[in-house]
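Notes follow the structure.
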Amino acid sequence: MSSKDLEISEKIERRRFDNQLRRLRTIDGMDGIEATIEGKRLVNFCSNNYLGLANHPGLVRRSVAFTEDYGTGAAASRLVTGHFDYHAKVEDKLAKALGQESALLFNSGYQANLSILPALADRNAVIYADRACHHSLLQGAKLSGAKLQRYRHNDLIHLEELLKNGDEKARKIIVTETLFSMDGDYSDIDGLIRLSKHCDAWLYIDDAHAFGIDGARGFGCGESRKGIDFLVGGFGKAAGAFGGYVGCSSTMKEYLIQFAPGLIYSTAMPASVVGAIDAALDIIPTMAKERENLKQHAAFLRHQLKTEGFDTGLSASHIIPLILYNEQDALALAAQLEEEGILALAIRPPTVPRGSSRLRISLSALHTPEQIEHLIAAIKKYAKQR
Ligand SMILES: *Cc1c(COP(=O)(O)O)cnc(C)c1O
């Protein structure tokens, strides 16, 4: 080992010691919601393929068709020669779907948050972020240089207090998620809209996990809601594709084209990805039945787990944390489930706060009732041995 490797490996060993070491596991094949890993077929309960669109023939076909028409790469950033008619068309379609005046694509949700927040805020601004916000929102806030104030999770009274005690003249930006990725609970969008109006703050909302799942036509919690200044999300989860977006006013879009670094300095999204997004936007509104089933399955699973004495936190969605508190227990249950042919990964600090290690179970429309029953039986078996 070189001295450089030695210096670095100290931190790796620290993680190993704390039961926090992560590793990449190779998926050798994916058939719907079943993954083959190390020769074993496992039912996947930790994928974000909530509607099964990642394997949908409609998305595959259009991705191939766009690729045949335009090739595999956009070959330049949007502002150089990478802006094609397929970008413009899909952005129009997306804006209509979201009920926003305009929409702008980013190469990922992560990149959107790291690009938009620094474009909007500088050291004279204050960003008010929910304590449970996704890493990318916090990174975007940090990168902007704005003063960062964290409010207690979903506590709008605390948020109001912070807003009222802040600098009158500073630009104020409220940043939160709609459906929280690790807890599966929702924020109070109406309350946030009211508060942002009342306190003259900008409202920036990340809908990553709700896009495809909530909203009258399935386009997220922010669908057709007036009063959200920046409606951010992504296509990598329920939409079964890849990439990020923001819905906003036309003037804000114009501004972001001038000032959002992730748009200016990164190669435009390729046609293959835009094709898949384009098809997802057509298919999502037709999946009301799948969404309804998903919600029913989630309610059933939550109820069963609670009856068994498990803590599912604040979950009110298809994202269901099974909170085991310490790393060891979370790892032990994950390992035992895997023996039973179930893939449900342990989520540990620093992704979640210390002492809240969990299995993050996420349901998909592809799961059969039998697969969910099997999951419940396997968890019950673990509970009996404890
Ligand atoms: C997953 C996620 C992102 C990142 O989106 P990608 O498109 O995967 O980069 C951003 N914000 C939230 C809340 C997320 O859950």
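FYI, it's all coordinate maths here, none of it is from the lab. Owing to the predicted nature of the structure, the values given are computational and were not obtained by experimental measurement. Virtual Cβ from ideal backbone geometry, glycine too; neighbours counted across all protein chains shown.
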Which of 213, 264 has the fewest other C-beta atoms within 10 Å, and how do the rest follow up to the most? 264, 213
Listed residues 352, 60, 90; largest mean-square fluctuation, Gaussian network over the chain with Cα springs below 10 Å, found at 352
Show me the GluC sites (Glu not before Pro) within region 274-311 that DSSP assigns to loop and that have at most 16 other Cβ atoms within 10 Å of their Cβ. 308
Cross-link partners of residue 142 among lysines (Cα-Cα below 29 Å; sequence separation of 8 or more within a chain): 4, 11, 164, 169, 172, 197, 226, 237, 253
With a point put 7 Å past each Cα toward its Cβ, work out how far residue 8 is from residue 64 in nm, to one decimal. 4.0
For the pair residue 168 and residue 368, the simple spin-label estimate (label points 7 Å beyond Cα toward Cβ) gives in nm 6.6
For the residue 250, residue 24 Cβ pair and Förster radius 51 Å, calculated FRET efficiency rounded to 0.05 is 0.75
With a cut-off of at most 16 other beta carbons within 10 Å, and DSSP calling the residue loop, which GluC sites (Glu not before Pro) in region 1-88 qualify? Please list them. 38
If the cut-off is a Cα-Cα distance under 16 Å, which lysines reach residue 40, setting aside same-chain residues fewer than 8 apart in sequence? none
Return the whole-Å distance between the Cα centroid of region 304-382 and the Cα centroid of region 167-212. 28
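Per 0.36 nm of contour for each residue apart, how much would the distance between residue 339 and residue 198 grow if the chain were fully extended, relative to their Cα-Cα spacing?
45.4 nm
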With the chain treated as a Gaussian network of Cα nodes joined by springs under 10 Å, which of 28, 282, 214 yields the largest mean-square fluctuation? 28
5 Å is the cut-off here: which amide hydrogens, built 1.01 Å from N in the peptide plane, fall below it relative to residue 130, excluding neighbours closer than 5 in sequence? 151, 175
Find, among the chymotrypsin sites (Phe, Trp or Tyr not before Pro) in region 230-307, those assigned to loop by DSSP (not H, G, I, E, B) with at most 16 other beta-carbon atoms within 10 angstrom. 265
